[in-house]
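**Q** Take this structure, written in C-alpha cells, and hold onto it; I'll ask about it next.
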Amino acid sequence: MAKKKTALIYERIQPVTSKRYARHSVDVGRDFRFATGLEAIPALAEEFPTLARISPIVFAGSAEAPLPNALLGMKKGQNVFIGPNGGWAAPYIPAFLRRYPFISAPTKEGGKTVLCVDDAFVGLNTAGKGHALFTSDGVETKFLRDVNLFVSNFDAGLEAARAFVGRLVARNLLEPMSIRITDSAGETTGGIGGMFGLSRARFDALGPDARAELKETGDLERCALHLKSLEHIRRAGQGAKRPAPPTRH
C-alpha cells in the first residue's frame, strides 16, 4: 500500500525537538528521487527570474487563490528534471525542493508555527551522517539554525507569491489554460490541465495607471517572466511526441 503523503512529498511530519532528535543528523545529499512523482511544485515570486530560464511557470489551485507553480512535466506524476541517478538535471534547484525534508507547521494550539522534519526521510539518521541537528548539550547546531531561517524565508516568500497572484485575480488577469501533447498526426496523446495563465488580451488592454501600479510592485516583470517561461513547454514535455502550445479557455 502506498504511503500517504502531505504537502506533496512529506509522509510523517514531526516537530524538530531535542527530545526526539537529540542524536539525529540529516544527510541531505543530491538525490532528488523523492520528487519523482511531482509534475508541478509551488514557486516563490522571487524565483521567477531564475525559474523562467528552465521551466514553465503557471498558476495552479482554486480560481480564487491559485499559486505560482513551476511545471516539471507534462503528465500526471512525471518529473522530467530527475536524472537517472536521482540528480537534478537543471542549473537551478527550486526552493521548494531545497527545503525538504524540513517544513513549518502550526502547533496544536494554532497560530504559531514550528520547524518540522519528515520523519520518513531516508537521510535522517543516528549514524552521524551529514549534519547534526543538536549538540551534545541539546543546543541547536548552526546547521539547524540555518535551516530554520531558510524555512522561515520560504514561508515569507510563499506569502509574497500569494499576494502577487491575489493582485492579478483582483484585476481579472488570469484565465484557465491547459497543455496538450500531440503526435505527428496532430492527435492528442496526453497533456495537463487545471491551470491558469495570464490573459494576454486583458493584460495588453491595461491602461498606463494600472501598468504603473504593476510596475511599482514588481508584478509587471513577473507577468513578463511568466509569459516568457511558457516557451519551455517543449522542455517540460520531454519524452512526449510533441507538446502543443498552451490553450486558453
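**Q** Among the residues of region 76-115, which ones are in a helix (DSSP H, G or I) and of a type in the set (A, V, I, L, M, F, W, C)?
**A** To start, the set of residues in region 76-115 that are in a helix (DSSP H, G or I) comprises 95-99.
Hits for region 76-115 are ALA95, PHE96, LEU97.
**Q** Same structure, new question: Quick one: in region 127-182, which of the residues that are in a helix (DSSP H, G or I) and in contact with a Lys or Arg (Cβ under 8 Å, 6 or more places away or on another chain) is most open to solvent (accessible area, probe 1.4 Å)? Lay out the reasoning, then the answer.
**A** Let us first name the residues in region 127-182 that are in a helix (DSSP H, G or I), namely 142-170.
With in contact with a Lys or Arg (Cβ under 8 Å, 6 or more places away or on another chain) added as a condition, the list becomes 150-151, 154, 164.
Numbers: PHE150: 65, VAL151: 5, PHE154: 7, PHE164: 1 Å².
Step by step, filter region 127-182, then rank; the result is PHE150.
**Q** Determine, yes or no, whether ALA63 is under 24 Å from SER178 (Cβ atoms), open to solvent by 20 Å² or more (accessible area, probe 1.4 Å), among the small types (Gly, Ala, Ser) and over 12 Å from the mean Cα position of the chain (by Cα). Don't jump to the end; show me each part of the working.
**A** Details: under 24 Å from SER178 (Cβ atoms): yes; open to solvent by 20 Å² or more (accessible area, probe 1.4 Å): yes; among the small types (Gly, Ala, Ser): yes; over 12 Å from the mean Cα position of the chain (by Cα): yes.
Yes: the conditions hold for ALA63.
**Q** While we're looking at this one, here's another question. Taking the stated definitions as given, is ALA120 modelled with pLDDT of 95 or more and surrounded by fewer than 17 Cβ atoms within 10 Å (Cβ to Cβ)?
**A** Details: modelled with pLDDT of 95 or more: yes; surrounded by fewer than 17 Cβ atoms within 10 Å (Cβ to Cβ): yes.
In short, yes.
**Q** Do the conditions hold for ALA70, that is, is it in contact with a helix residue (DSSP H, G or I) (Cβ under 8 Å, 6 or more places away or on another chain), open to solvent by less than 30 Å² (accessible area, probe 1.4 Å) and over 18 Å from ASN153 (Cα atoms)?
**A** Values: in contact with a helix residue (DSSP H, G or I) (Cβ under 8 Å, 6 or more places away or on another chain): yes; open to solvent by less than 30 Å² (accessible area, probe 1.4 Å): yes; over 18 Å from ASN153 (Cα atoms): yes.
Answer is yes for this residue.
**Q** Let me ask something additional. Scan region 18-36 residue by residue and report those that are farther than 15 Å from ALA90 by Cα and open to solvent by 60 Å² or more (accessible area, probe 1.4 Å).
**A** LYS19, ARG20, ARG23, ASP27, VAL28
**Q** Applying the selection to region 37-60, what residues are open to solvent by less than 10 Å² (accessible area, probe 1.4 Å), of a type in the set (Ser, Thr, Tyr) and without any contact (Cβ under 8 Å) to a residue 60 or more places away in the chain?
**A** Selection gives nothing.
**Q** Something else now. Can you tell me which residue is least open to solvent (accessible area, probe 1.4 Å) among those in region 86-117 that are in contact with a Ser or Thr (Cβ under 8 Å, 6 or more places away or on another chain) and closer than 21 Å to SER25 by Cβ?
**A** CYS116
**Q** Turning to a different aspect of this structure: Could you please let me know if GLU231 is at pLDDT 95 or above and among the acidic types (Asp, Glu)? Before the answer, list the steps.
**A** Numbers: at pLDDT 95 or above: no; among the acidic types (Asp, Glu): yes.
No.
**Q** When region 185-215 is examined, which residues are found to be at pLDDT 95 or above, assigned to a loop (DSSP other than H, G, I, E, B) and either more than 21 Å from GLU175 (Cα to Cα) or in contact with a His (Cβ under 6 Å, 6 or more places away or on another chain) (or both)?
**A** none
**Q** Still on this structure: Pull up region 24-60, narrow it to residues that are among the hydroxyl-bearing types (Ser, Thr, Tyr) and in a loop (DSSP other than H, G, I, E, B), then point me to the one that is nearest to the chain's Cα centre (by Cα).
**A** Going residue by residue through region 24-60, those that are among the hydroxyl-bearing types (Ser, Thr, Tyr) are 25, 36, 50, 55.
Narrowing the set further to residues that are in a loop (DSSP other than H, G, I, E, B) leaves 36, 55.
Details: THR36: 13, SER55: 11 Å.
So, considering only residues that are among the hydroxyl-bearing types (Ser, Thr, Tyr) and in a loop (DSSP other than H, G, I, E, B), the one nearest to the chain's Cα centre (by Cα) is SER55.
The values are calculated or read from the model by the stated rules, or taken from the named source; none is laboratory data. Because the structure is predicted, anything quoted here is derived from the model rather than measured. Virtual Cβ from ideal backbone geometry, glycine too; neighbours counted across all protein chains shown. Only protein heavy atoms, including side chains, enter the accessible area calculation; ligands, DNA and RNA are left aside. Shrake-Rupley method; radii C 1.70, N 1.55, O 1.52, S 1.80 Å.
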